Every structure is written in C-alpha cells, then in structure tokens.
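Below: the structure, in structure tokens.
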Amino acid sequence: MTLVNGTHVHRFIKMKHDFAALKVNQDRLMGAIHEGCEYGQAHRYGDGPTETGMARLSLNDADKEIRRWFKSAVESIGCVYSVDQMGNQFAVRPGKNRTAPPVMMGSHLDTQPTGGRYDGILGINAGLEALRVLHEHQVQTEGSVGVVNWTNEEGARWGNYLMISCCIDRLQISNDGCVIRCMG
C-alpha cells in the first residue's frame, strides 16, 4: 500500500479511509455480549455478574426478547432489517452495489438448555461490531454487508440442529438477504 496525494492506494483501488483506524471497540463488544446474556440467563457457576450459563431455547420468551434487542441494535445503525419464512433475522447495511448479494456474518442467539455464555451470541455480536465500526466511520462498502441470526441453530427444541445453516450452500437468497427456500 502506498500513499498518493493523501489517499491510500492498494492494488489500484483508491481508499477514502484509513482502514488501520477501523478497530473493534472491545468494551462495546463485551458490553453487547453481556447485555444480550441478560435474556435467558441461567445456571450460575460463580459469584460474578457474568458467571452464568444460558437457557434461551429457540423462539421461547427469552429468545423473543433477544430478537427484539437484535432488531433494535441493527436498526439503530441504519441496517435494513428483515425476517424470512423460517424466522431467520437479517440485517443488511446497504453498499453502493445493491444488486450484488450481501456478504453475511453471524451465528445464532438460541442456546441449548444448559448453554454456554458465548456460543452463538459471540458470532452475532462480532458481526454487529463490524457493522458498528463501519457505521461510525461512515465507510461505504462496494457491496452490502450484514449479520444473520439463524433460527433453531442449536436444535434444542425441534430436533434438527443447524436447521437452516446446514443447507446454506443450497439456499436461494433474495436481493434483500432473506432465505426464500432451501433448494435441492
């Protein structure tokens, strides 16, 4: 990477931002993880406020609350929010080229009945943090980027774990990032 007239140039692409300045806010990331863990908190294993496991089965009351939290979080940073027919939640931060499929990050917010504190929610919050950093630095990406919360990923309520993500390579995705149907 070289500097030409105050602009970073890398492989013939002009960059308007100093990408080295785009850093994860660790305190915000951990705060979001612990805030989300208030929904379905269970199985205390220590005296500290964060020393609990989780019991947030897919689509139970605690999952319903954290899904509201997710929706609020992504809408607060300008993402387009949608839910598909399977209940998967999508948050897409529009890029310049809105016809290209979005690049998605994420995981799941549901847990096993005796789930761990960081399983799933870490993937969701890592994706959210990436979007927050892009938002606060006003980075406009070429394509859209987003976060997905897969429904029933743990399979604790309805038998099949990885219910949707197991067929990700066979999903038909709409332009707004929603799963239309599992093909094949």
Testing Glu153 on (1) charged (D, E, K, R); (2) within 14 Å of Arg28 (Cα to Cα); (3) assigned to a loop (DSSP other than H, G, I, E, B), one condition comes back false. Which one is that?
(2)
Kindly evaluate Ile66 against the criterion of being part of a loop (DSSP other than H, G, I, E, B), within 20 Å of Gly123 (Cβ to Cβ) and at pLDDT 95 or above.
no
Failed condition for Ser72, given (1) in contact with a Gly (Cβ under 6 Å, 6 or more places away or on another chain); (2) modelled with pLDDT of 95 or more, with all others met?
(1)
Got a sec? Which of Gly46, Gly87 is at pLDDT below 95 and buried (at least 16 other Cβ atoms within 10 Å of the Cβ)?
Gly87
I'd like to know if region 88-100 contains one or more residues that are under 19 Å from Glu154 (Cβ atoms) and in a loop (DSSP other than H, G, I, E, B).
yes
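The values are calculated or read from the model by the stated rules, or taken from the named source; none is laboratory data. Quantities reported herein were computed from a predicted structural model and do not represent experimental measurements. In this analysis, Cβ positions are derived from the backbone assuming ideal geometry, glycine residues included, and neighbour counts consider all displayed protein chains.
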